[in-house]
Amino acid sequence: MEILISFLLSLIAGSASGIGGLIVYAFGDIDDKLLGFLLGFAGEVMLVVSFLELFVEAIALLTHLEATFAFTGGALLMMIIDLTTRIWRRVGGSPVSPTYGCLKLG
């Protein structure tokens, strides 16, 4: 039964990308403010899921304090990697958009 629930949750999560693509296809372009909001919302959902699922499992193996430090350390490590790669892209002379700090693709 647990495998069936995992499969259904994965199917729902995977189909969300297709549904989002169909919405964009149906309504055309999405303005930058709405796109930023939707990406922020998706990021927060992923953060909550990782916190609720992984933190509960970590508490089963570690103490509350150790699990909190491990989760915070992981978040800080991801922030350091993100900031470091932004600096490398600017120094390396790659085409970085001045408004968003993202690579230009076209």
Quiz item: Taking the stated definitions as given, is residue 43 of a type outside the set (D, E, K, R) and within 21 Å of residue 13 (Cβ to Cβ)?
Solution: yes
Exercise. Mind listing whichever residues of segment 62-94 are outside any helix (DSSP H, G or I) and either hydroxyl-bearing (Ser, Thr, Tyr) or at pLDDT 85 or above (or both)?
Key: 62, 63, 94
Quiz item: Of all residues in segment 57-89 being of a type in the set (Gly, Ala, Ser) and within 22 Å of residue 44 (Cβ to Cβ), which is surrounded by the most Cβ atoms within 10 Å (Cβ to Cβ)?
Solution: 67
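The values are calculated or read from the model by the stated rules, or taken from the named source; none is laboratory data. Nothing here was measured: the structure is a model prediction, and the numbers come from that model. Cβ coordinates were reconstructed from backbone atoms using ideal geometry, including for glycine residues, and neighbour counts include every protein chain displayed.
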